[in-house]
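Asks: One structure follows; several queries about it will come next.
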Amino acid sequence: CLKKILDEKGDSHKSLSKPLLQELRRVAVWSLGLGGRESLDVGVNDDSVLTYSVEELCASKIFDEKVEVQRVGAWCLLDALTQCDSKQQKDTTGVFSLEQSVRSSRIDASFLSLSWEKLHKLSSSPETPSSSRDAIFTTSRACLRVISRLGSFIPIPEAKKSAITLRKLLESFLMPMGLIGSATSALVSLTKRLCNNDGLDETNSDVYQACTTWINVINRNCENKLEAYISSTENSSNEVIATAGGDDIRLLERAIFTVGEVSMVGFATDEDSSSKEFSKQTNLQEGSGSKDPVRGL
């Protein structure tokens with residue numbers, strides 16, 4: 001429905017998407033207590049409005065139910081909006097351009113990385129109320145999905161910091177299973193951004209090699225984790241799952257899930273092995289002119 005509305009706007013879609021992007025960024029930033037001095041209006045009931053400044057939005061208010069509702073809603077809508085791009089959907093009849101909308105809105109995309117870092121801290125903190133963890137998880141997933149589509153707009157310093165964090169979490173199997181897929185896509189997007197330093201166009205081989213580097217590390221760690229688990233249980237007469245503790249099983253599950261996700265980078269489900277190899281060779285030969293530098297990876 002959102003895409004239909006934007007497409008119906010035609011070339012004037014920026015008149016709708018620009019203020020929408022700006023408002024979604026505002027709510028996303030202030031509902032996490034990130035920077036700035038403006039306030040976030042949070043409806044308390046039909047007759048009154050509670051206003052929090054950033055300085056007042058301490059940890060306890062970040063978990064306020066009214067703040068959480070707006071935060072989750074803002075990120076879900078931002079996730080939906082970034083899916084409407086006609087180019088990404090290969091929609092030849094659509095006119096909505098996500099790139100044009102982001103550029104016209106002039107939003108500072110560093111809020112994406114800053115939000116992810118803050119959400120990661122909140123999800124890892126023992127002080128986060130159990131009642132808020134589902135909302136933090138949902139928001140984290142939406143944030144990573146948005147980063148995977150808007151990574152090219154994130155400033156290099158913030159992109160590098162988030163890429164390092166994501167790599168560490170994926171390599172050490174500390175990323176929750178429900179976020180591994182989104183995190184992998186976000187890391188690919190950030191890798192492309194880092195290969196586009198100083199505004200220079202990246203080449204396919206640059207991005208390909210950069211992605212190959214961290215994918216190989218993750219695959220090697222997954223292999224080591226699986227080998228270690230098998231070695232520790234092969235002499236046991238009990239069922240494998242019964243010989244390991246809960247933490248071991250959890251890490252094993254994440255390793256299996258992670259290797260599956262990174263194996264899908266640059267791969268379309270409708271391709272066979274021969275067409276995938278052809279895509280790989282074509283991308284490397286075409287240089288920076290190809291649409292997706294990791295296709296065939």
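Asks: Going residue by residue through segment 53-62, is there one that turns out to be farther than 23 Å from residue 183 by Cβ and modelled with pLDDT of 65 or more?
Replies: Yes, segment 53-62 contains at least one residue that is farther than 23 Å from residue 183 by Cβ and modelled with pLDDT of 65 or more.
Asks: When you scan segment 240-261, do you find a residue that is at pLDDT 80 or above, surrounded by 12 or more Cβ atoms within 10 Å (Cβ to Cβ), within 19 Å of residue 163 (Cβ to Cβ) and not small (Gly, Ala, Ser), even just one?
Replies: Checked against the condition, which is being at pLDDT 80 or above, surrounded by 12 or more Cβ atoms within 10 Å (Cβ to Cβ), within 19 Å of residue 163 (Cβ to Cβ) and not small (Gly, Ala, Ser), segment 240-261 yields at least one hit.
Asks: Which of the residues that make up segment 157-175 are outside any helix (DSSP H, G or I) and surrounded by fewer than 16 Cβ atoms within 10 Å (Cβ to Cβ)?
Replies: 172, 174
Asks: Restricting the first residue to segment 133-144 and requiring it to be open to solvent by 60 Å² or more (accessible area, probe 1.4 Å), which pairs with a second residue that is among the basic types (Lys, Arg) and in a helix (DSSP H, G or I) meet a Cβ separation below 7 Å and a spacing of at least six or different chains?
Replies: So the pair list comes out empty.
Asks: Sort out which residues of segment 175-192 are farther than 17 Å from residue 212 by Cβ and not polar (S, T, N, Q), and write them in order of number.
Replies: Listed by number, the residues that qualify are 175, 176, 177, 178, 179, 180, 181, 183, 186.
The values are calculated or read from the model by the stated rules, or taken from the named source; none is laboratory data. As the structure is a prediction and not an experimental result, all values here were calculated from the model. Don't worry about glycine lacking a Cβ; one is built from the backbone with ideal geometry, like all the others, and counts go over all protein chains shown. Please note that ligands, DNA and RNA were not included when accessible areas were found on the heavy atoms of the full protein model with its side chains. Shrake-Rupley method; radii C 1.70, N 1.55, O 1.52, S 1.80 Å.
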